[in-house]
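Reviewing the structure listed below.
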Amino acid sequence: MDDTNFIAENKADLEKILAIADSFYNINDIKINKDKSELLWRTKKGQNMSETVEIKFGNKDLIIKPADKKGSIRILGVWFNAYNRRDHVIAQIREEIRNCCETMILRKKLSDKQMSFIFNVLIIPKVEYRAQMIILTEDECNSLIAPFRMLYKNKMGLARTAPNALMHTREFYNLKNFSDNQLQAKLTNFIIQLNDNNELGQITRIRLYNLQELLLLVNDPLLSLTVNDIIKYKKIFRAQLKNSFLIENIFLMKNHGFEVKNNNELTKYLMNVPGDDIKIKDVVGDEIFFKNILSLKKLNIVFLDQILTLDGKNMLIFKEIFNKKYNQFGSRNKSLVKKSWEELENKILINSESGRKIKKEIYDIVSHDLAKNLKGTDIKSVATDPLSWKSFVAVVGGNSKIIYGKKYNTMNGWIIMEHFEVLSNPTDMSIIMRKCEGCALNEKDKLSNEYLYKKSSYLLASRAVRTFYLENIKCSKSILMKSNESYIITDFIQEHFEGFLTHDNIYFNNPSLHGWDDVRLISNNREINSLIEKYVFKEKLNNNINIEKLMNINLKIKSLEKVGTENIKGLAGINVYDKNHNFIDEIYFSIENWISSVKAETFAFLIMLIIGYNVENVEIMTDSEVVYNRYYNIIKEESMYGARKILKEENNIYIWALIRQLVTKDKINLPTLIKVKAHADNVYHNLLDGKIKEKYGDLSRVYSININYSHLDEVNYIITWNNIMIEKRLRHFIRQYTDIRNFEQFLNLNRNAKYRKSQVDWQVTFTYLKEKETALETSLWTSKRRRKKMQRLIEEIPTIEHCKKSLFDLFKDWKCPRCEKKKETFNHVWKCKSQKKKMMSIIKNAYEFFFNEILKLNYVIIKEELFQLFREETYGLLREDVNNLTFIDIIKGIFLTRFLINNKVKADDRIALSVLFLDYVYDETFKIWEDRCEVQIKKEKAFQISKAKKKSMKSYDPEYKNRLDELTTPLYGRAEGLLAGIYFNKKPLDFTIFVSQITFNFCFYFKFLFVCPIG
């Protein structure tokens, strides 16, 4: 009975629960060790926690020491704190890192791959498991991994200044980062949690409602919150949002461009607060809104129309807000929010001193149509409280004119009032009235004497239910001005009040004009006549196709796609034949995003199922093994299939989820699939092939069919990235995103500015660094050689200038150890005049080697053209160039494959030749660097500089940061390689290569033959 948890509000409730549990254990003859019980106790603020607590557990009295405020207890390997603190988890992670560094890594000879493997396979899963209930910030992740990263660099022989991006880029050292792994784990689990239809999902939705109420949001926090909003809300609601798992997950998701959209037709409107489209925040701006959000929250004000008159011309006064039904704030404390209200007035009104007119720019965006309801204003009729202390009333008379009076008598649902005339202007801040001295409205002569009990000259009667009190506003009361026998009601604008009465009268006479106060009361369900209407967006079809067109097509499919450039197209076609193979109809449609032959096959199959859902005895012959196998797996499947399994599908997850729903829940007529041999010659397939190829030249009759996934029962929220629906396994997609982002961080280094605008084939560099090792092979020799190549790539070989970064005082005045004239930078090592002849020989021999290797693969290359190319291009020259690649870049391990592409060398051969060439250059130039190091060692010995002296004389150049060049080229930051893969089916690294001389066109085919028993 390990890890059984009981939660209660107080000690008495807890003992009742324990008594029930104990009786259950006794009945079932279960023995438990009650002495191992642990207690998490959360006390109120200011209340001291007892050192021990006596708790009755069934028939046994336990004395338990509760965990202190900073303490925690373990439940299923995860540690919890009663006050939602994270310090204990962070401390545990630090301890895991320390143990790994000291016991596994520090004293052992390990290669780079071995260290990465230990960290990725042993440490990362432990950290992920321990941190299940917390979200670490980017800074915290960097702080936690810093000790291991430093040890890693030290063991590899890299300098501390080596960029961290080099460590975490998959193609370099592939050391997993805590922040990347956290994004993958937390976001995947969070989406599964949101889509759960059991207790976990219900609890999550309740917490979303609570968060919406706390932050004064008008709809689902998952949809409306932005990164900047979350940062500001966390500063305002510090206690409520401290370490909030929900808000931290939303922040993590949105900070990386991920969004969710509510996919459930039944629940997507439940969190929408009814009101105008214009929010207070949009009008007054973020600064004023967040500054006054606590006051707005007390008044429950979110929309602009809540503080405007019904015609949208004026702003209500502060006291009128207290008459709103949604206002829960007591008038005794109104001074607390009055200052905030004045700030709103200054932002919205033309002049708060002279009137209530709103500014023109605000007036222009406000709707001035007839209001659907009174927007929360509570005007009480006399019938609701005939005996009220309130005296003055009003009623809408003939021609919609408002008649004012003082309550005289009430009886049998009628009110008799003394007629009063208004002396003040309609726009004044107070209304002044006095008794009417005579007018045509007098009905005294028509009234029975039983209603008259005091002398009054002018009386009139009206129905109590349609007569309303003026003194509706809380704490408003008429005041008698004895000097002229007049009455005044302060903070009462006649124009505003009459607007409310006039609208109420319109709704009374025309009930159809009155709108619901809550849009959730309106049913959004519409009758669906077919599965085509259910699953296809009618409004998103092309102008020349409609639902009826789809309803009349019944069935043969083929797809074709064109890959390689940004002109990529994915097309699919359906040809319809009857049982005698007579042609009936056809349709062709395009595929967008994640374009591949597999998606085209799957999407076309889905369209076929939707169109032919009610057609019996359909046979489908297909050479698509993916569609064939998965379709029959769905039919045979008996296990429950929820959101968790859907999100773990490899590709096209929502298409297959919809196919599964069609088969298992919508109970369509199931077609029979017949697997045929791929690329089999078939007259119908050949005919459709030709038609689809023609469509690439004429897309006028190629339709865009958008599937409506909102009827997927198992998916409540669909996750998107950059407004693109993620159609592959979520965690794999996020891993790909983090991999590309890490490589972008490497490219964004200042030292790589030139490569962000050059034609670099990074795949060659990555293969060159692998040292012909597979993923599971490693050795200390290749690890050392790879480190030396890495040092060249990042220009961090230990030159004199590089040593000055950490030993500035020691090497301050040192020059190149060979020429003793110039500063020894990375470029100078190869350009030094003392090595000029050797370098020229290396360049010549390198291209001779390159040419011979090309010939070995039987490619026809003219030698003079190759040498002429390298002589004319900058990459055949030994010089510095901030814009173009030179031979120094080849020494670093960067090579252009444009020449090989132009000569139509195959991709695999192109990479192999380039790597051979780079390895040759490395080996030859290594001799130059080796000779230089011998000279430097002799010089250091002459000056008696030892390793111990270097360690004791650490010093840094104070001007180093100021000498860094400013960035001159655009930075990558949008995971552009991932976008290129989604839009154009390119490889993730293709976004760094600029190839303009050639385009690649590949065609992928798959064949379906549908035979329908029609006619």
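The values are calculated or read from the model by the stated rules, or taken from the named source; none is laboratory data. Remember, it's a predicted structure, so these values are computed and weren't measured experimentally. With ideal geometry, Cβ positions are generated from the backbone for all residues, glycine too; neighbour counts draw on all protein chains shown. Please note that ligands, DNA and RNA were not included when accessible areas were found on the heavy atoms of the full protein model with its side chains. Shrake-Rupley method; radii C 1.70, N 1.55, O 1.52, S 1.80 Å.
At-a-glance table
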{"quantity": "Those strands (runs of 3 or more DSSP E) lying entirely in the stretch 1-102 with at least 1 residues under 22 Å from residue 130 (Cβ atoms), open to solvent by 70 Å² or more (accessible area, probe 1.4 Å) and of a type in the set (Lys, Arg)", "calculated": "73-75"}
{"quantity": "Selection status of residue 201, under 30 Å from residue 640 (Cα atoms), surrounded by fewer than 21 Cβ atoms within 10 Å (Cβ to Cβ) and either at pLDDT below 95 or more than 20 Å from the chain's Cα centre (by Cα) (or both)", "calculated": "yes"}
{"quantity": "The lone exception for residue 856 - which of (1) open to solvent by 70 Å² or more (accessible area, probe 1.4 Å); (2) under 22 Å from residue 792 (Cβ atoms); (3) without any contact (Cβ under 8 Å) to a residue 12 or more places away in the chain it fails", "calculated": "(2)"}
{"quantity": "Qualifying position, being modelled with pLDDT of 90 or more and surrounded by fewer than 20 Cβ atoms within 10 Å (Cβ to Cβ), among 298, 325, 268, 291", "calculated": "291"}
{"quantity": "Yes/no for residue 85 being of a type outside the set (Val, Ile, Thr) and in contact (Cβ under 8 Å) with a residue 60 or more places away in the chain", "calculated": "yes"}
{"quantity": "Residue match in the stretch 207-219 (condition: more than 30 Å from residue 374 (Cα to Cα) and crowded, with 20+ Cβ neighbours inside 10 Å)", "calculated": "no"}
{"quantity": "Leading residue by the ranking (nearest to residue 244 (Cα to Cα)) among those in the stretch 70-81 that are in contact with a strand residue (DSSP E or B) (Cβ under 9 Å, 6 or more places away or on another chain) and among the hydrophobic types (A, V, I, L, M, F, W, C)", "calculated": "80"}
{"quantity": "Whichever residue in the stretch 719-729 is open to solvent by less than 10 Å² (accessible area, probe 1.4 Å) and assigned to a strand (DSSP E or B) and, among such residues, is farthest from residue 884 (Cα to Cα)", "calculated": "719"}
{"quantity": "Filter pass, residue 175 being buried (at least 18 other Cβ atoms within 10 Å of the Cβ) and free of Cβ contacts under 8 Å to residues at least 24 places away in the same chain", "calculated": "no"}
{"quantity": "Pairs where the first residue, in the stretch 664-683, is over 16 Å from residue 601 (Cβ atoms) and the second is at pLDDT 85 or above and among the hydrophobic types (A, V, I, L, M, F, W, C), C-beta under 6 Å, 6+ apart", "calculated": "668/662"}
{"quantity": "Residue within the stretch 618-631 that is open to solvent by less than 50 Å² (accessible area, probe 1.4 Å), of a type in the set (A, V, I, L, M) and either at pLDDT below 80 or over 24 Å from residue 714 (Cβ atoms) (or both) present", "calculated": "yes"}
{"quantity": "Every residue from the stretch 392-405 that is more than 11 Å from residue 462 (Cβ to Cβ) and either surrounded by fewer than 18 Cβ atoms within 10 Å (Cβ to Cβ) or touching a Leu at 6+ places or on another chain (Cβ under 7 Å) (or both)", "calculated": "392, 398, 399, 400, 401, 402"}
{"quantity": "Candidate set: the stretch 337-370, residues that are of a type in the set (Gly, Ala, Ser) and either at pLDDT 90 or above or open to solvent by less than 80 Å² (accessible area, probe 1.4 Å) (or both); chosen: the one nearest to residue 284 (Cα to Cα)", "calculated": "340"}
{"quantity": "Search result, residues across the stretch 641-696 that are within 30 Å of residue 185 (Cα to Cα), hydroxyl-bearing (Ser, Thr, Tyr) and open to solvent by 60 Å² or more (accessible area, probe 1.4 Å)", "calculated": "none"}
{"quantity": "Index of the failed condition, residue 472 passing every other in (1) outside any strand (DSSP E or B); (2) modelled with pLDDT of 80 or more", "calculated": "(2)"}
{"quantity": "Some residue of the stretch 138-155 being in a loop (DSSP other than H, G, I, E, B) and either open to solvent by less than 20 Å² (accessible area, probe 1.4 Å) or modelled with pLDDT under 90 (or both)", "calculated": "no"}
{"quantity": "Filter pass, residue 212 being without any contact (Cβ under 8 Å) to a residue 12 or more places away in the chain and either outside any helix (DSSP H, G or I) or not assigned by the TED database to the domain that holds residue 119 (or both)", "calculated": "no"}
{"quantity": "Selection within the stretch 187-198 - in contact with an Asp or Glu (Cβ under 9 Å, 6 or more places away or on another chain) and either open to solvent by less than 20 Å² (accessible area, probe 1.4 Å) or aliphatic (A, V, I, L, M) (or both)", "calculated": "195"}
{"quantity": "The listed residue being closer than 30 Å to residue 462 by Cα, at pLDDT 60 or above and not assigned by the TED database to the domain that holds residue 325, out of 537, 583, 497", "calculated": "497"}
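Here's the yes/no breakdown for (1) in the same structural domain as residue 884 (by the TED database); (2) on the phi > 0 side of the Ramachandran plot; (3) at pLDDT 90 or above:
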| residue | (1), (2), (3) |
| --- | --- |
| 930 | yes, no, yes |
| 958 | yes, no, no |
| 967 | no, no, no |
| 973 | no, no, no |
| 982 | no, no, no |
| 985 | no, yes, no |
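Residue-by-condition table, conditions (1) among the basic types (Lys, Arg); (2) over 27 Å from residue 209 (Cβ atoms); (3) touching a residue at least 60 places away in the same chain (Cβ under 8 Å):
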position	(1), (2), (3)
277	no, no, no
290	no, no, no
297	yes, no, yes
305	no, no, yes
320	no, yes, yes
336	no, no, no
341	no, yes, no
348	no, yes, yes
361	no, yes, no
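Table: residues versus (1) in a helix (DSSP H, G or I); (2) more than 26 Å from residue 756 (Cα to Cα); (3) not assigned by the TED database to the domain that holds residue 791.
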{"residue": "849", "(1), (2), (3)": "yes, yes, no"}
{"residue": "854", "(1), (2), (3)": "yes, yes, no"}
{"residue": "858", "(1), (2), (3)": "no, yes, no"}
{"residue": "865", "(1), (2), (3)": "yes, yes, no"}
{"residue": "869", "(1), (2), (3)": "yes, no, no"}
{"residue": "881", "(1), (2), (3)": "no, no, no"}
{"residue": "888", "(1), (2), (3)": "yes, no, no"}
{"residue": "899", "(1), (2), (3)": "yes, no, no"}
